[in-house]
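Notes to accompany the following structure.
Derivation of every value follows stated rules applied to the coordinates shown; laboratory data play no part. For clarity, every value in this text was computed on a predicted model and none was experimentally measured. Reconstructed Cβ throughout: ideal geometry from the backbone, glycine too, with neighbour counts over all protein chains shown.
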Amino acid sequence: MTGFSTDRRRVVAGLAASASLLAAPRALGQAKPKVVVVGGGFGGATCARALNRLGIEVTLVEPNATYTACPFSNLVIHGSRDLSAQTFTYDAIRRDGIAIAAEMASGVDADARIVRLASGATLPYDRLVLAPGIDIRFDALPGYDEAAVDVMPHAWKAGAQTALLRKQLESMKDGGVVVMSVPANPYRCPPGPYERASLIAHYLKTQKPKSKLLVLDAKDSFSKQRLFQNAWKELYPDHLEWVGLAGGGKTTEVSVKDMTVVTEFGRHKADVANIIPPQRAGRIAADMGAADRSGWCPIDPVTFEAKLRPNVHVIGDAAIAGAMPKSAFTANAHAKVCADAVATLLRGETPGEPKLINTCYSLVAPDYGISVAGVYHPAKGVLADVEGAGGTSPLEATKDVRALEAKYANAWFQIVTSEVFG
């Protein structure tokens, strides 16, 4: 896709308008139906608030007192942002009058329509919304188990892992080698590894110029590839090397003891290793049978109802959403459409077909932004691209345009976190 305008103000205005339409209250009668939402990230928190505005009794199940956002966490790894800027509370959601069950959901009885909590308590529901995010597949990469993350952090769930990777980069000697391993699709945030690679390279170039980053990738193509690679050639020719699948980039094994990343073509010794392993839908989705053999959850693209479990809806990273990528922007969009569909179904009506937008910003440097946008609609049982809509940042653009996109990225983060958690 090409030719996408860099004037994101029109996009933000359109999103605000669509959000207000989706959140418009509709009469549901005197008795409030009950909906349980599991997971308090961008998808779950948004959905709970939207359902509450629609007059539905909502309980949000979320064991953590705060939420640490992944978008912009690569700047924490870079060293130009504090982790506290990524952390949000659920105070505003409580002020909405939404009940929060501050414990883990241990299981779901889909036939009885009950969510079981770790304490032994149960929550009945008329409809259930799962927004469990991702789990790391520790069975997918030999040598990479739960203990390995303390030595070779994935940092793909923001928080302690983010801080650990930053600390390792700070402690590494100048002249050290950072090795990053990127999995095959699908995984959370398709361009995320390449933004991270860019910002690590920027850190090395400015703070440890004798050092180098090696990116080992299990695929030959990736999101915004030409934009990233053109920027790398310009900005980081001596500090970033990317090796794709055809060049032997797929990681087949890691050795924590030797700090080595193994591919079919060789062994790579690392001073710092960032291993982004294969992923799957959050465990509760699989445990209740909403995920298929891929590890992700097939959904109806109109209602987000799980194809394998009636009366259960899956949004965000856990869902198989066709052409729509796994991103915070996507989760926020899913949540609004899903809330409207749930309210419509609870009235005994048929939801209309939605159109959804995703815009994904990436930082190649703190003041250098690029983006991709898409518009999606239900087609042949999945969410498909609307042909001719969306696109990427211009391949050739001035520094001023790239700086403006970086500002748009920051503005988006401020808007969406304020909407979801503020």
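What order, most packed first, do the peptides 207-218, 87-98 have when packing is the mean number of other Cβ atoms within 10 Å of each residue? Before the final figure, lay out the partial values.
Working: 207-218: 19.3, 87-98: 14.9.
By packing density, highest mean first, the sequence is 207-218, 87-98.
Would you list, by chain and number, the aspartates and glutamates whose Cα falls below 17 Å from the Cα of K380, excluding same-chain residues fewer than 8 positions away?
Counting by Cα, and skipping residues close in sequence, K380 has these aspartates and glutamates nearby: D300, E305, E353.
Go ahead and run the numbers for FRET between T206 and D150, Cβ-Cβ distance against an R0 of 35 Å, rounding to 0.05. Could you put the intermediate results ahead of the total?
Details: r = 28 Å, r/R0 = 0.79.
The computed FRET efficiency comes out at 0.80.
Give, in whole angstrom and from largest to smallest, the semi-axes √(5λ) of the equivalent ellipsoid of the chain, with λ running over the eigenvalues of the Cα gyration tensor.
Working: eigenvalues 264, 118, 74 Å².
Result for the chain: semi-axes of 36, 24, 19 Å.
Can you give the calculated 222 nm mean residue ellipticity of the chain, where each DSSP H run of n ≥ 4 adds -39,500 (n - 2.57) and the sum is split over every residue, rounded to the nearest 500 deg cm²/dmol? Numbers along the way, then the final one.
On the way: 10 runs with 124 residues, N = 422.
Mean residue ellipticity at 222 nm (helix-derived): -9000 deg cm²/dmol.
Quick one: which residues, 5 or more positions from T252 or on another chain, have an amide H under 5 Å from its amide H? H modelled 1.01 Å from N in the peptide plane, none for Pro or chain starts.
V262, T263, E264
Give the aspartates and glutamates whose C-alpha is closer than 19 Å to that of K399, dropping any in the same chain fewer than 8 places away, or say none.
Result set, ordered by chain and number: D7, E195, E234, D367.
I need the phi-derived Karplus couplings for segment 252-262: 6.51 cos²θ - 1.76 cosθ + 1.60, θ = phi - 60°, integer Hz, Gly and Pro marked x.
Those phi angles translate into 10, 6, 10, 10, 5, 4, 9, 6, 10, 10, 10 Hz.
Can you list the HN-Hα couplings for segment 273-288, worked out from phi with the Karplus curve (6.51, -1.76, 1.60; θ = phi - 60°), rounded to whole Hz and with x for Gly and Pro?
10, 10, 9, 9, x, x, 10, 8, 4, x, 3, 4, 5, 5, 4, 8
Indicate the helices, whole DSSP H runs only, in the chain that combine a mean Kyte-Doolittle hydropathy of 0.5 or more with a Cα extent along their long axis of 24 angstrom or more. Mind showing how you got there, number by number?
Values: long enough: 328-346 (27 Å, 0.97); 399-421 (33 Å, 0.01).
Span-like helices in the chain: 328-346.
In segment 148-275, what % of DSSP beta bridges are antiparallel (nearest 5)? Please list the in-between numbers first.
Values: 8 of 22 bridges.
Counting DSSP beta bridges with both partners in segment 148-275, the antiparallel share is about 35 percent.
Given points 7 Å out from each Cα along the Cα-Cβ axis, report the S418 to A379 separation in nanometres with one decimal.
Reported label-point gap for S418 and A379 is 3.5 nm.
Just subtract the alpha-carbon distance of D96 and E253 from 0.36 nm times their residue separation and send over the number in nm, one decimal.
Working: separation 157, 0.36 × 157 = 56.52 nm, distance 4.78 nm.
That works out to 51.7 nm of additional length.
Highest mean first, how do 285-293, 193-201 rank when packing is the count of other Cβ atoms within 10 Å averaged over residues?
Working: 285-293: 19.1, 193-201: 26.2.
Top to bottom by mean Cβ count within 10 Å: 193-201, 285-293.
When a footprinting reagent is the concern and you count Cβ atoms within 10 Å, what order do H154, H78 take, fewest first?
On the way: H154 20, H78 23.
In order of increasing Cβ crowding within 10 Å: H154, H78.
How high is the relative contact order of segment 80-126, in percent, counting Cα pairs under 8 Å that sit 6 or more residues apart? Working shown, then result.
Values: 36 pairs, mean separation 9.8, N = 47.
Relative contact order for segment 80-126 comes out at 21 percent.
Can you give me the long-range amide H partners of V215? Hydrogens built in the peptide plane at 1.01 Å from N, cutoff under 5 Å, separation of 5 or more residues or another chain.
Excluding prolines and chain starts, which carry no amide H, the hits are M180, E241, W242, V243.
Cut-off under 16 Å on the C-alpha distance; same-chain residues fewer than 8 positions from K336 excluded. Which lysines are left, in chain and number order?
K326, K355
Please list the non-local residues whose amide H lies under 5 Å from the amide H of D135, H modeled 1.01 Å from N, same-chain partners needing a gap of 5 or more.
HN-HN under 5 Å from D135: R280, A281, G282.
Which entries in K212/K269; K173/K212; K208/K407; K219/K407 show an alpha-carbon gap greater than 20 Å? Please list the in-between numbers first.
Working: K212/K269 12 Å; K173/K212 11 Å; K208/K407 26 Å; K219/K407 30 Å.
Flagged as over cut-off: K208/K407; K219/K407.
Counting other beta carbons within 10 Å of each residue's own, what order do V401, V179 fall into, fewest first? Could the numbers behind the result be given before it?
Details: V401 16, V179 23.
Starting with the residue having the fewest Cβ neighbours, the order is V401, V179.
Rank the residues I276, I77 as a footprinting-exposure proxy: fewest other Cβ atoms within 10 Å of their Cβ go first. Don't jump to the answer; show the numbers that get you there.
Values: I276 24, I77 27.
Arranged by neighbour count, lowest to highest, I276, I77 become I276, I77.
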